[in-house]
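Notes to accompany the following structure.
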Amino acid sequence: MLNKQAVMNLLNKINMIILCQLRNLWRFNLKALVIIPAFNEEENIVKTVNSLINIKISNVKLDYIIINDGSNDNTLDVIKKNKLKFIDLPFNLGIGGAVQTGYKYALYKNYDIAIQFDGDGQHNPSYIESLIKELNNGCDLVIGSRYIENNDTFKSTKYRRMGKNILSFLIKIFTSAKITDPTSGFRACNKKIIKKFADNYPSDYPEPDTLVSILKDKYIVKEISVEMNERAGGTSSITPIKAIYYMIKVSFSIIITAISKREK
Amino acid sequence: MSLRLIIILITTITLFMVYVYLRLRNNKISTKYSLIWFLVSFIMILATLKHDFMGIIANFFGIEVTSNFIFLIIIGILLIIIFFMSATVSKLNDKTTFLAQEVAILKNKSKEK
C-alpha cells in the first residue's frame with residue numbers, strides 16, 4: 001500500500017519534470033517589444049498594428065505598445081475602440097519623450113529586445129525579423145537604412161538627401177563609423193541599449209544624437225537595408241523651415257555629444 | 001543725472017520691491033527668487049543715489065554719461081538672471097518629462113491589473 005503510493009509519487013514527479021522540460025523547449029526564449037510612438041495617427045495606427053500582429057518569428061515573443069503622445073485628434077479613441085495595447089502620455093512630449101517612455105516600459109517589463117517602429121505606416125514590419133537576427137549575431141543596435149543599397153524606391157528630395165549626407169559626414173568625422181541613414185526611426189536594440197536609452201534620451205529629433213553617443217561608447221552598431229513606404233495617410237510633421245532649424249540643432253548636438261567626455 | 005530721473009527710478013524700484021514683497025507674502029514667488037530681485041533692486045537704488053561715485057567708475061571705463069553705465073550694469077545683471085532662469089526651465093522640463101512618462105506607465109500598469 002505504502003509502496004504503491006511511493007511509486008505513484010515518483011511517477012508524478014518524473015511526469016512533472018518531463019513536462020517542464022518540454023515547456024522550456026517550446027517556450028519563446030526572447031521577449032521583444034515593438035515601440036510605436038503615435039501623435040495624431042488616427043488614420044494609420046490600426047493598420048500599422050494589424051500588420052505587426054501577423055509577424056511570427058521563431059524563438060521570439062513579439063509584443064507591441066503604442067505610446068500616444070498627447071494626440072489632439074481621435075487617436076486615443078481609435079486605440080481604445082480596437083482594444084490595442086497603449087500607454088497614454090498626459091500631454092505631448094515630442095518624439096524623443098514618447099520613444100523613451102517605450103524604452104522605460106521595456107526596461108520595467110524586462111524585455112530583451114526593443115524595436116522602434118513609426119505609427120504612420122512608413123516602416124515595413126517584415127524587416128523586423130532581420131533586425132532581430134543581427135541582434136542575435138552580437139550587435140547592440142541595428143538600424144533599418146533606406147540608403148544602404150542606393151535603391152531609389154524611397155522617393156527622397158534633393159534637400160533631404162543633402163541633409164542626410166551632412167549628418168552622415170558629421171558622424172563619420174567624430175566616430176569614424178559609416179552610417180548611411182542616421183535619421184532612420186526604424187531601429188532595434190538589446191538590453192544594454194534599452195537601459196541606456198531609458199536613463200537618457202534627447203527630447204526632439206533624437207536619432208542621430210543617440211547614435212553618436214552609442215558609437216562613442218563603443219557599442220556595435222550595424223545597418224541593414226530596408227524599404228520604406230511613403231506615408232499611408234496624414235501629414236508629415238516636418239516643414240521646410242523646421243528642417244533648417246532641425247539641421248542646425250542636430251549638427252550642434254552631434255558636435256556637443258561627440259566632444260563631451262563619455263560616461264560609462 | 002537729472003533729479004527727475006532719480007525720482008522716477010527710485011519710485012519705480014520701490015513700487016517693484018513692494019510688489020515682490022506682496023507676492024512673497026502670498027507664497028506666489030519662492031524666497032530664493034525673491035531674494036535675487038530684492039538684491040537687484042537694492043543695487044539699482046544704490047547706483048541711482050550714489051551716481052557721483054558711479055560717474056567716477058563710468059569715467060574710468062570711458063563711459064561719458066553715468067546713466068548709460070548704470071543701464072549697462074543693470075542689463076548685465078538681467079542677462080545673468082535670464083541665463084540661470086533658462087537653466088532652471090530646462091531642469092524643470094526634464095523633471096516634467098520624467099513625471100509624465102512615469103505617470104503614463106503607472107496608468108498602464110494599473111489598467112492591466
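The values are calculated or read from the model by the stated rules, or taken from the named source; none is laboratory data. Computed from a predicted model, the values in this text were never measured in an experiment. Cβ sites come from the backbone with ideal geometry, for glycine too, and all protein chains shown count toward neighbours. In case anyone asks, the SASA skips ligands and DNA or RNA and just uses the protein heavy atoms, side chains included. Shrake-Rupley method; radii C 1.70, N 1.55, O 1.52, S 1.80 Å.
Annotations for the structure displayed:
- Selection from the stretch B:16-28 of residues that are of a type in the set (Val, Ile, Thr) and under 20 Å from B:LEU79 (Cα atoms): B:VAL20
- Within the span defined as the stretch A:94-112, one or more residues are open to solvent by 10 Å² or more (accessible area, probe 1.4 Å), over 22 Å from B:GLU112 (Cα atoms) and not acidic (Asp, Glu).
- Meets criteria (within 14 Å of another protein chain (Cβ to nearest Cβ) and modelled with pLDDT under 90) for A:GLY70: no
- Applying the condition of being open to solvent by 40 Å² or more (accessible area, probe 1.4 Å) and not aromatic (Phe, Trp, Tyr) to the stretch A:203-219 and asking which residue is farthest from B:PHE98 (Cα to Cα) yields A:LYS218.
- Single residue of B:ILE63, B:ILE70 found to be of a type outside the set (D, E, K, R), away from every other protein chain (no Cβ under 14 Å), surrounded by 11 or more Cβ atoms within 10 Å (Cβ to Cβ) and outside any helix (DSSP H, G or I): B:ILE63
- Of the residues making up the stretch A:108-129, those that are out of contact with any Leu (no Cβ under 7 Å at 6 or more places or on another chain), within 18 Å of A:ASN200 (Cα to Cα) and more than 10 Å from chain B (Cβ to nearest Cβ) number 2.
- Looking only at the stretch A:177-202, and only at residues there that are surrounded by fewer than 22 Cβ atoms within 10 Å (Cβ to Cβ) and of a type in the set (S, T, N, Q), the one that is farthest from the chain's Cα centre (by Cα): A:THR180
- Enumeration of residues in the stretch B:81-113 that are away from every other protein chain (no Cβ under 14 Å) and open to solvent by less than 100 Å² (accessible area, probe 1.4 Å): B:ILE81, B:MET85, B:SER86, B:ALA87, B:THR88
- A:ASN137, sole failed condition from (1) more than 12 Å from chain B (Cβ to nearest Cβ); (2) under 27 Å from A:THR180 (Cβ atoms); (3) touching a residue at least 24 places away in the same chain (Cβ under 8 Å): (3)
- Residue list for the stretch A:62-77, restricted to those being assigned to a helix (DSSP H, G or I) and open to solvent by 30 Å² or more (accessible area, probe 1.4 Å): A:LEU76, A:ASP77
- Top-ranked residue in the stretch B:29-52 [being touching a helix residue (DSSP H, G or I) at 6+ places or on another chain (Cβ under 6 Å) and at pLDDT 85 or above; ranked as farthest from B:ILE70 (Cα to Cα)]: B:ILE29
- Enumeration of residues in the stretch A:78-92 that are more than 14 Å from chain B (Cβ to nearest Cβ), touching a residue at least 12 places away in the same chain (Cβ under 8 Å) and either surrounded by fewer than 15 Cβ atoms within 10 Å (Cβ to Cβ) or in a loop (DSSP other than H, G, I, E, B) (or both): A:ASN82
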